[in-house]
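**Q** My questions will all concern the structure given below.
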Amino acid sequence: LGDILRYHVLLQYFSLSDLRQIPPSGVLVTTLLQTTGRVHSNFGAVNITRDPLTNSITIQSPAPFSPSNVTVLSLIKTLPYNITILAVDSLLVPYDFNLLASETRPPLGLNITKALIDGHNFNVAASMLAASGVVDEFEADEGGAGITLFVPTDDAFGDLPGNVKLQSLPADKKAVVLKFHVLHSYYPLGSLESIVNPVQPTLATEDNGAGSFTLNISRVNGSVAIDTGIVQASVTQTVFDQNPVAIFGVSKVLLPREIFGKDSAGVTSKPGNAVVGTTVQPPETSPSPENSAGFSGPASHLSSPPGFREEITSKGGRYRMQSCIVTVCCIGLVLVV
């Protein structure tokens, strides 16, 4: 059913006027199904043709003599250059799909922890998943829409800044961070590279409400980038990919801004060791000299040793008093002469 729906999503924007300008010979357009890699040749694409006499638009499989084709009836909604929703007159079925066949695939029964240990670079993540108990929840979702896990490498955990206290989090928050690394749907690498909606909810979103704990997934410099709002990681390898489970290694631990953002309890701020999204207070400095004549710019903010300013002031006062006495004596001598 999921693949049938994916076949109805074109990865190209067409307005209704664009469709009416398609040449009679037609154009081949990729669908979301084609990106999964589960279809032979280009049978996950569709061929869109236009009848020059009636201007009717037909969409069908590129396979020769395909029995499935649909006609565009009307425009439902369009947001220019972003999305168009069209009504069609029937269901579009990919080539060689048997809608009457029942799903006989046995459950995958993947042991996620073992798969990570076998990957030889995910021992920290495997240990955390096993200790938290959330891995049981992940494996229970294998029978539904599937799951996609982004698992930090051991090096990614080693590169965490010293003021990110991941292990010090309460057990419930630690579980949220782990769920933040999981999408509640199966996405092979091809689907991630051409994902239609870059903002994806995670398993942590389901526990904390819509709009929270989301990941922004995009393609940057030829690889899949994952942005949490305070950390940007990239997919480094495919650990496991068999419908309905995909496991990818990522270059950084995905830190949710809801926990590790500004003024959060998950980060301890230290001068000189800042984390994006945290506030580090500058070190205290001594007051600068008041109205120091002849000094400007950074030099005016230099601090003095304790008591130094008072000593200068007292010595300056004594010097001025002595100067006044000498001056009075000299004037008196002149008057006497």
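The values are calculated or read from the model by the stated rules, or taken from the named source; none is laboratory data. Here the structure is a predicted model, which means the values were calculated and not measured. So basically every Cβ, Gly included, is an ideal-geometry build from the backbone, and we count neighbours across all protein chains shown. To get the accessible areas, we keep the full protein, side chains included, count just its heavy atoms, and leave off ligands, DNA and RNA. Shrake-Rupley method; radii C 1.70, N 1.55, O 1.52, S 1.80 Å.
**Q** Take the residues of segment 92-112 that are open to solvent by less than 30 Å² (accessible area, probe 1.4 Å) and farther than 17 Å from Phe180 by Cα: which is modelled with the highest pLDDT?
**A** Pass one, segment 92-112, residues open to solvent by less than 30 Å² (accessible area, probe 1.4 Å): 92-94, 110, 112.
Within this subset, residues satisfying the condition of being farther than 17 Å from Phe180 by Cα are 92-94, 110.
Values: Leu92: 91, Val93: 88, Pro94: 87, Leu110: 82.
Ranking the qualifying residues of segment 92-112, first place goes to Leu92.
**Q** Pick from Gly211, Gly249: which is closer than 26 Å to Pro161 by Cβ and either touching a residue at least 40 places away in the same chain (Cβ under 8 Å) or assigned by the TED database to the domain that holds Val135 (or both)?
**A** Numbers: Gly211 fails: closer than 26 Å to Pro161 by Cβ.
Step by step, each of Gly211, Gly249 is checked, and only Gly249 is closer than 26 Å to Pro161 by Cβ and either touching a residue at least 40 places away in the same chain (Cβ under 8 Å) or assigned by the TED database to the domain that holds Val135 (or both).
**Q** Test Phe295 against the stated conditions and say whether it is modelled with pLDDT under 65 and either in contact with a strand residue (DSSP E or B) (Cβ under 6 Å, 6 or more places away or on another chain) or in a loop (DSSP other than H, G, I, E, B) (or both). Break it down into steps so the answer makes sense when it comes.
**A** Numbers: modelled with pLDDT under 65: yes; either in contact with a strand residue (DSSP E or B) (Cβ under 6 Å, 6 or more places away or on another chain) or in a loop (DSSP other than H, G, I, E, B) (or both): yes.
Considered against the rule, which asks whether it is modelled with pLDDT under 65 and either in contact with a strand residue (DSSP E or B) (Cβ under 6 Å, 6 or more places away or on another chain) or in a loop (DSSP other than H, G, I, E, B) (or both), Phe295 comes out as yes.
**Q** Only residues that are open to solvent by less than 50 Å² (accessible area, probe 1.4 Å) and either under 18 Å from Val245 (Cβ atoms) or over 23 Å from the mean Cα position of the chain (by Cα) (or both): list them for segment 145-169, please.
**A** Passing the criteria: Gly146, Ile147, Thr148, Leu149, Phe150, Val151, Pro152.
**Q** Inspect segment 118-141 for any residue being loosely packed, with under 15 Cβ neighbours inside 10 Å and hydrophobic (A, V, I, L, M, F, W, C) and give the result as yes or no.
**A** Within segment 118-141, one or more residues are loosely packed, with under 15 Cβ neighbours inside 10 Å and hydrophobic (A, V, I, L, M, F, W, C).
**Q** Taking Asp172 as meeting all but one of (1) modelled with pLDDT of 90 or more; (2) under 14 Å from the mean Cα position of the chain (by Cα), write down the number of the exception.
**A** Result: Asp172 passes all but (2).
**Q** Could you list, in sequence order, all residues of segment 242-255 that are more than 23 Å from Glu139 (Cβ to Cβ) and of a type in the set (A, V, I, L, M)?
**A** Within segment 242-255, the first condition is being more than 23 Å from Glu139 (Cβ to Cβ), and the residues that meet it are 251-252, 255.
Answer for segment 242-255, where residues must be more than 23 Å from Glu139 (Cβ to Cβ) and of a type in the set (A, V, I, L, M): just Leu255.
**Q** Given the conditions (1) touching a residue at least 24 places away in the same chain (Cβ under 8 Å); (2) under 28 Å from Gly190 (Cα atoms), report the number of the one that Val29 does not fulfil.
**A** Val29 satisfies all of (1) touching a residue at least 24 places away in the same chain (Cβ under 8 Å); (2) under 28 Å from Gly190 (Cα atoms) except (1).
**Q** When you go through (1) in contact (Cβ under 8 Å) with a residue 24 or more places away in the chain; (2) out of contact with any Lys or Arg (no Cβ under 7 Å at 6 or more places or on another chain); (3) over 24 Å from Tyr7 (Cα atoms); (4) assigned to a helix (DSSP H, G or I) one by one for Ala204, which number turns out not to apply?
**A** The number of the failed condition is (2).
**Q** Another question, if that's okay. Could you please give the count of residues in segment 44-64 that are over 32 Å from the mean Cα position of the chain (by Cα) and either basic (Lys, Arg) or closer than 30 Å to Leu192 by Cβ (or both)? Explain how you work it out, then say what you get.
**A** Just the residues of segment 44-64 that are over 32 Å from the mean Cα position of the chain (by Cα), to begin with: 47-64.
Then drop every residue that is not either basic (Lys, Arg) or closer than 30 Å to Leu192 by Cβ (or both), which leaves 47-48, 50, 59-63.
Adding up the residues that qualify gives 8.
**Q** Filter segment 218-241 down to the residues that are over 20 Å from Glu139 (Cβ atoms), touching a helix residue (DSSP H, G or I) at 6+ places or on another chain (Cβ under 6 Å) and not in a loop (DSSP other than H, G, I, E, B), then identify the one that is least open to solvent (accessible area, probe 1.4 Å). If you could, list the steps in order and put the result at the bottom.
**A** Of the residues in segment 218-241, the ones over 20 Å from Glu139 (Cβ atoms) are 218-237.
This time we only want the ones that are touching a helix residue (DSSP H, G or I) at 6+ places or on another chain (Cβ under 6 Å), so: 219, 224, 229-230.
If we keep only those that are not in a loop (DSSP other than H, G, I, E, B) too, we end up with 219, 224.
Numbers: Arg219: 125, Val224: 4 Å².
The extreme case among them is Val224.
**Q** Taking segment 4-43, which residues are more than 28 Å from the chain's Cα centre (by Cα), in a helix (DSSP H, G or I) and buried (at least 16 other Cβ atoms within 10 Å of the Cβ)?
**A** Here is the first cut: in segment 4-43, the ones more than 28 Å from the chain's Cα centre (by Cα) are 4, 14-29, 39-43.
Those left that are additionally in a helix (DSSP H, G or I): 4, 16-19.
Within segment 4-43, Leu19 is the sole residue that qualifies.
**Q** Kindly provide the set of residues from segment 242-264 that are surrounded by 16 or more Cβ atoms within 10 Å (Cβ to Cβ) and assigned to a strand (DSSP E or B), ordered by number.
**A** Residues satisfying the conditions are Val245, Ala246, Ile247, Phe248, Gly249, Val250.
**Q** For Asp155, which of the numbered conditions (1) modelled with pLDDT of 85 or more; (2) in contact with a helix residue (DSSP H, G or I) (Cβ under 9 Å, 6 or more places away or on another chain) fails to hold?
**A** Going through (1) modelled with pLDDT of 85 or more; (2) in contact with a helix residue (DSSP H, G or I) (Cβ under 9 Å, 6 or more places away or on another chain) one by one, Asp155 breaks only (2).
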